[in-house]
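The values are calculated or read from the model by the stated rules, or taken from the named source; none is laboratory data. Note that the structure is predicted; figures quoted are calculated from it, not measured. A quick note on method: Cβ atoms are made from the backbone with ideal geometry, for glycine too, and the neighbour counts reach across all protein chains shown. Surface accessibility is based on the protein's heavy atoms, side chains included, excluding ligands, DNA and RNA. Shrake-Rupley method; radii C 1.70, N 1.55, O 1.52, S 1.80 Å.
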Amino acid sequence: MIPTTLSIATRTLRPSILRPSLGSLRHMADISVEHGRGTWKTYGDITSYQPGKFQIKTYNKISPIGLSEFPSSQYEIKEGEAATNAHAVLLRSHKLKEEEVNLTVRAIARCGAGTNNVPVERMTELGIPVFNTPGANANAVKELVLAGMLLGSRRIVDGVNHMKKLGEEGLQKERVEKDKAMFGGRELKNKTLAVIGLGHIGAATARDAEHLGCKIIGYDPSLSIENALKLPRSIELADSIVNAVKNADYISINIPYIKGEGGTHGIIGKDVIGSFKEDAVLLNFARGELVDSEAMKQFLDSGDGRYISDFPDDLLWNHPNTVLLPHLGASTAEAEDAAASMAASTIRSFLETGTIRNSVNFPSTSLPNCPDHSIRFTVVTRNVPGMLAHISEVFGHAQLNILQQINQSKGNVAYNVVDVDTSGHGVVDFKDVQEKITMLDGVLSSRVIYGVPGTGYAKNLEGDYFV
């Protein structure tokens, strides 16, 4: 049993700790949800536990502006393994391991668009949503793509290195006018840019490149209405990558890296690169693995093309027509602040209201604020038939009326948000209700959201009940 001095046996709603957007929770009934089951080792280090607060585990240096989104009255921030009772994980580039995800963790958020450093598939199996921050770094990456177009047009890097060499020899003033002819180039105006992937970054790149006088060709089989509205009106949409690139002077790839069959590994391969103009410039500020390095080398060896990438490449790193940058795309203070703020806001919304947005493995899910005299119950299940009926049946047997609910699914997981009426019930004891729901075959975890941070969470650990 949890030691008596640390047990949180019965919680009564305390309006003073609630954020303003959750004001409707003031009218919820008093409830009891803590179970007092299990031993303290299930939760972690006793010195890391602070009742009445959500604990956020961070990896990497997270922007203070982003962390300030967490009010100190409801949240405590701890770095790495100091957070042994974490309710959520916030990280940037740290490669997260399963053993670093405490049993208490409800959610993981990455301050950035890609989630290759998070074991997403395994987190899905454990019923843990993984969030990202799409669009937060779009402006920073877009600006670097535009810089890449200039780097690929004017041999700027070669010119800078040449001037350093002349400076060492004391010959800068003597040779500068004579040697500048070695670094001639071309202008962007009236050139054609093919943008492969028209998400946040691709759409922004297309729009601003048009302002520089470029003709834009785009390709994206999954183009959303939201991003379509951001595109320049003059854009020409192609029906394939090959048709998009065949007449382009510049090609910018802005697509996610997906492993496995049907994925995007090496998608810019021999067939696509073979369709390039001989002096085309490929701009890769998405992922290094998208490009077939062997095919790219053959192209660079055979003509006057260029490859500008934000990623290391063991084959092309010293090719005279290649410029590699040390993954600078989102490395601006503004992008880091925006990504951290978006990640923190997403985590808060999920922990405090059960809302899911910007998740890579869970369905987008949202309900209006809880009605008066009700509490919110969330349930994560495997995506199998009949789960919603079984959950509703448990509430029915407890004579608890469902006021509003939503059930959404994505892949192998389903997510349920249920608001239950507590009118006329006095102090409603949810211990048995939550246990019965959590231990249903197919349920992964459940939460009772009633205004007290860090409480009301339960998991079904292959038949063992964790609370």
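Summary of values
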{"item": "More than 11 angstrom apart: percent of Cα pairs within the range 287-329", "result": "62"}
{"item": "Qualifying GluC sites (Glu not before Pro) in the range 138-225, DSSP loop, other Cβ atoms within 10 Å at most 12", "result": "Glu187"}
{"item": "Cβ-derived FRET efficiency at R0 51 Å, Ser224 paired with Asp158, nearest 0.05", "result": "0.80"}
{"item": "Separation of alpha-carbon centers, the range 314-356 and the range 134-201, rounded to whole Å", "result": "23"}
{"item": "Integer Hz, Karplus 6.51/-1.76/1.60 couplings in order for the range 246-252, x for Gly and Pro", "result": "5, 10, 8, 7, 9, 10, 10"}
{"item": "Where N is the number of residues in the chain, Cα Rg divided by 2.2 N^0.38 Å", "result": "1.18"}
{"item": "Pairs from Lys410/Lys431; Lys259/Lys410; Lys78/Lys259; Lys142/Lys191; Lys410/Lys459 whose Cα-Cα separation, in the structure shown, is over 23 Å", "result": "Lys410/Lys431; Lys78/Lys259"}
{"item": "Whether the range 157-241 is rounded, prolate or oblate, judged on the alpha carbon gyration tensor where a/c under 1.5 counts as rounded", "result": "prolate"}
{"item": "Accessible area of the chain divided out per residue, in Å², using a probe of 1.4 angstrom", "result": "46"}
{"item": "Nearest-0.05 FRET efficiency for Ala147 and Glu187, computed from C-beta distance (R0 22 Å)", "result": "0.90"}
{"item": "Difference of contour (0.36 nm per residue) and Cα-Cα distance, Leu328 to Glu79", "result": "87.2 nm"}
{"item": "Span-like helix ranges in the chain, DSSP H, alpha carbon extent 18 angstrom or more, Kyte mean at least 0.0", "result": "138-154, 333-353"}
{"item": "Of all accessible heavy-atom area on the chain, the percent that carbon and sulfur account for (1.4 Å)", "result": "50"}
{"item": "Two-site FRET efficiency, Arg122 against Val242, from Cβ-Cβ distance with R₀ of 51 Å, rounded to 0.05", "result": "0.90"}
{"item": "Quarter of Cα convex hull surface for the range 378-443, i.e. mean projection, nm²", "result": "4.2"}
{"item": "Linear extension gain, Ser364 paired with Glu169, 0.36 nm per residue minus alpha-carbon span", "result": "64.0 nm"}
{"item": "Point-to-point label distance, Val384-Glu294, nm (Cα→Cβ direction, 7 Å offset)", "result": "4.4"}
{"item": "Relative contact order (%) - the chain, alpha-carbon pairs under 8 angstrom, separation at least six", "result": "18"}
{"item": "Antiparallel bridges, percent of DSSP beta bridges restricted to the chain (to nearest 5)", "result": "45"}
